[in-house]
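Trainee: The structure that follows is given in the form of structure tokens.
The values are calculated or read from the model by the stated rules, or taken from the named source; none is laboratory data. The shown structure was predicted, so the numbers you read here are calculated from the model rather than taken from an experiment. We place every Cβ from the backbone using ideal geometry, glycine too, and count neighbours over all the protein chains shown.
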Protein chains: 2
Amino acid sequence: MPEVKLEEVRRFMEDSLKAVGAPESEAKAHADLLMHADTVGHYSHGLNRLEFYINDCQSKACVPTAKPEVLKESGATAWVDGHNALGATVGNFCMDLAIKKAKECGVGWVSAKRSNHFGMAGYWALQAEREGLIGLAFTNSSPIMVPTRSKKRALGTNPIAMAAPAADGDKVVVDMATTTVAMGKAFQAGHLMPLGGEEKTSGYKGSKSTHNIRGWELESNQGPPDLGQCFAAINPECFAPGFVDRASDCLNTWRNLEPIDTSLPVLAPGDKEHHIGEATLAKGTVNYPQKQLEAMETMAKRIGVKPIQVVSN
Amino acid sequence: MPEVKLEEVRRFMEDSLKAVGAPESEAKAHADLLMHADTVGHYSHGLNRLEFYINDCQSKACVPTAKPEVLKESGATAWVDGHNALGATVGNFCMDLAIKKAKECGVGWVSAKRSNHFGMAGYWALQAEREGLIGLAFTNSSPIMVPTRSKKRALGTNPIAMAAPAADGDKVVVDMATTTVAMGKAFQAGHLMPLGGEEKTSGYKGSKSTHNIRGWELESNQGPPDLGQCFAAINPECFAPGFVDRASDCLNTWRNLEPIDTSLPVLAPGDKEHHIGEATLAKGTVNYPQKQLEAMETMAKRIGVKPIQVVSN
């Protein structure tokens, strides 16, 4: 597969987002989000999704200049209107607020309506982890899952992410979809997590319930996704002392469990992404399928951006 | 199976707990917890567990006269020492505090160390739901689960429960174990939930990590379980208005999905328990296996309590 330098991928993402109206800061923020996915090996959530965002900006389903706004606030909570800004814009606004609140009163729990797709949920949980907090992120999503006994799709993959700090920069990162395949009980567990992220179509002020969310096609003409998301931060220092050491003890216990196959060591949650991320950064490049790069070239021409330059071998 | 009146089961539970030193109020609280399980059809967590609690009280692993104590507190959080009191004693203390905090600042997040088995996690989430809040409850548990790739058990079932109010007394109740069978990704998701509920054996002040927790045998001589538990309440009124109506819209949408088999309607989470609970209360009795009643009779003799009286037919 063709190889592209990380800085070139980032350049292309930022240029593309700016070409459809994103301010420099928000183009950079959104590129950060997508680069994280491609760096840790979740290619489905990186460059692969750029064209969706670009199209949503062009159709005004996403408003990249919009600024999120706090609608309601209490000591530990906030309810935010994302005003259909880019997912990264809403995510940074909400998680920064959750972090601030967690530092003030132990927990910060911020929910957003009218948000856009926010990429890997784990990326948001990690923002809190970097501040020494436990981070949580949830989002609803388009209905693709068929509940038990049902003929019809009604639930999304509704991802759940959690990140917690351990000692010496180590961490636990959980990032999972709540669909049947991943969870087996998604019908029971998947739907109610994005607090404040649900509404009747008839005009409540929350975001849409999953069964009312638009599909996510490349060329969609269904208006803003109006997603409901939730960002939370919890300060572990408010509970038993020594959290990071106990987290490390767990991580190390799991990693040192005797494996069934000695060539397959037991992994702690997040280890796989951590290892791939380190390798990607060391290598300095990502490989993309030729077909994906061709699609990006077509898009680049369409929006007047310099196409991705592949590393020549 | 022999049939026993609900009030007779409750009488026996209360008498038994009082016989091993529980004050009237705590015997009643703990009987409530066990009765809830038998009423909604989770017989594994009802009378079936009584002897474990009785034995733990007798061995002093559980101290039924102990009073939980707040060790650390912030606006939205508290860290509690359960002092090895009965699970219901610690649960009521912590969830009451979480509810109070959620009413004050939007979220209440309370973790306990040195707790005992607290029965069905859903019972605790429902305490917050009854107050119009979203309730969450987590606990760690004895290691019975083998993580992916590992030869050895290292994780527990670590239950997770959530309850949320809907309109006109309707509700969503999720109560699930995080073992592989139930969740498929338990290794990633199951372990870090009980905040403050983990420690190195070497003397941290949190409770034990799952890999350090004693097994739970009927005749155990391993001292207090020292479980870590977490009780949280979130006020939905701090986010988008109309939460209960939106929750009802979700519930009704799910229940009205066209089923594959018309004799098997799609259920919303908690529906099954709700239906069984209504039927049990209408009937006024529970059926137990003869063997279980014989074990209870032996225990009754041992602790000097009047045995369970079966309904004569």
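Trainee: Checking the condition of a type in the set (Lys, Arg), without any contact (Cβ under 8 Å) to a residue 40 or more places away in the chain and under 30 Å from B:ILE134 (Cβ atoms), which residue from A:LYS100, A:LYS28, A:LYS18 passes?
Mentor: A:LYS100
Trainee: So which of A:PHE93, A:PHE52 is farther than 17 Å from B:VAL107 by Cβ, assigned by the TED database to the domain that holds A:ASP226 and out of contact with any helix residue (DSSP H, G or I) (no Cβ under 9 Å at 6 or more places or on another chain)? Working first, answer last.
Mentor: Working: A:PHE52 fails: assigned by the TED database to the domain that holds A:ASP226.
The unique qualifying residue is A:PHE93.
Trainee: Name the one entry in B:ARG130, B:ARG153 that is more than 22 Å from B:THR39 (Cβ to Cβ) and surrounded by fewer than 21 Cβ atoms within 10 Å (Cβ to Cβ).
Mentor: B:ARG153
Trainee: Restricting attention to region B:233-261, which residues are more than 7 Å from chain A (Cβ to nearest Cβ), surrounded by 18 or more Cβ atoms within 10 Å (Cβ to Cβ) and assigned to a loop (DSSP other than H, G, I, E, B)?
Mentor: The one that is more than 7 Å from chain A (Cβ to nearest Cβ), surrounded by 18 or more Cβ atoms within 10 Å (Cβ to Cβ) and assigned to a loop (DSSP other than H, G, I, E, B): B:ASN235.
Trainee: Can you name every residue in region B:12-29 that is under 19 Å from B:PRO307 (Cβ atoms) and out of contact with any Gly (no Cβ under 7 Å at 6 or more places or on another chain)?
Mentor: Scanning region B:12-29 gives B:PHE12, B:MET13, B:GLU14, B:ASP15, B:SER16, B:LEU17, B:LYS18, B:VAL20, B:ALA22, B:ALA27.
Trainee: Inspect all residues belonging to region A:262-269 and state whether any of them is modelled with pLDDT of 90 or more, at the interface with another protein chain (Cβ under 9 Å from one of its Cβ atoms), more than 25 Å from the chain's Cα centre (by Cα) and under 21 Å from A:GLY122 (Cβ atoms). Spell out the reasoning first.
Mentor: The first filter runs over region A:262-269 and keeps only residues modelled with pLDDT of 90 or more, leaving A:262-269.
Right, trim to at the interface with another protein chain (Cβ under 9 Å from one of its Cβ atoms) and you get A:264-269.
Within this subset, residues satisfying the condition of being more than 25 Å from the chain's Cα centre (by Cα) are A:264-266.
Right, trim to under 21 Å from A:GLY122 (Cβ atoms) and you get A:266.
Scanning region A:262-269, I find at least one residue that is modelled with pLDDT of 90 or more, at the interface with another protein chain (Cβ under 9 Å from one of its Cβ atoms), more than 25 Å from the chain's Cα centre (by Cα) and under 21 Å from A:GLY122 (Cβ atoms), so the answer is yes.
Trainee: Filter region A:147-156 for residues that are out of contact with any Leu (no Cβ under 8 Å at 6 or more places or on another chain) and either over 13 Å from A:LEU227 (Cα atoms) or within 12 Å of another protein chain (Cβ to nearest Cβ) (or both) and give the result. Break it down stepwise before answering.
Mentor: Initial filter on region A:147-156 (out of contact with any Leu (no Cβ under 8 Å at 6 or more places or on another chain)): A:153, A:155-156.
Hits for region A:147-156 are A:ARG153, A:LEU155.
Trainee: Scanning region B:65-80 for residues that are hydrophobic (A, V, I, L, M, F, W, C) and either more than 14 Å from A:PHE239 (Cβ to Cβ) or not in a loop (DSSP other than H, G, I, E, B) (or both), which turns out farthest from the other protein chains (Cβ to nearest Cβ)?
Mentor: The qualifying residue farthest from the other protein chains (Cβ to nearest Cβ) is B:ALA66.
Trainee: Sort out which residues of region B:6-28 are surrounded by fewer than 22 Cβ atoms within 10 Å (Cβ to Cβ) and not in a helix (DSSP H, G or I), and write them in order of number.
Mentor: Scanning region B:6-28 gives B:VAL20, B:GLY21, B:PRO23.
Trainee: Which one is farthest from A:LEU47 (Cα to Cα) among residues in region A:262-300 that are surrounded by 12 or more Cβ atoms within 10 Å (Cβ to Cβ) and among the basic types (Lys, Arg)?
Mentor: Among those residues, the one meeting the criterion is A:LYS272.
Trainee: Only one of these conditions is not met by B:ALA61: (1) of a type in the set (A, V, I, L, M); (2) at pLDDT below 95; (3) surrounded by 24 or more Cβ atoms within 10 Å (Cβ to Cβ). Which number is it?
Mentor: It is condition (3) that B:ALA61 fails.
Trainee: Select, from B:GLY203, B:GLY223, the only residue that is at pLDDT 65 or above, out of contact with any Gly (no Cβ under 6 Å at 6 or more places or on another chain), at positive phi and not in a helix (DSSP H, G or I).
Mentor: Being at pLDDT 65 or above, out of contact with any Gly (no Cβ under 6 Å at 6 or more places or on another chain), at positive phi and not in a helix (DSSP H, G or I) holds for just one of B:GLY203, B:GLY223, which is B:GLY223.
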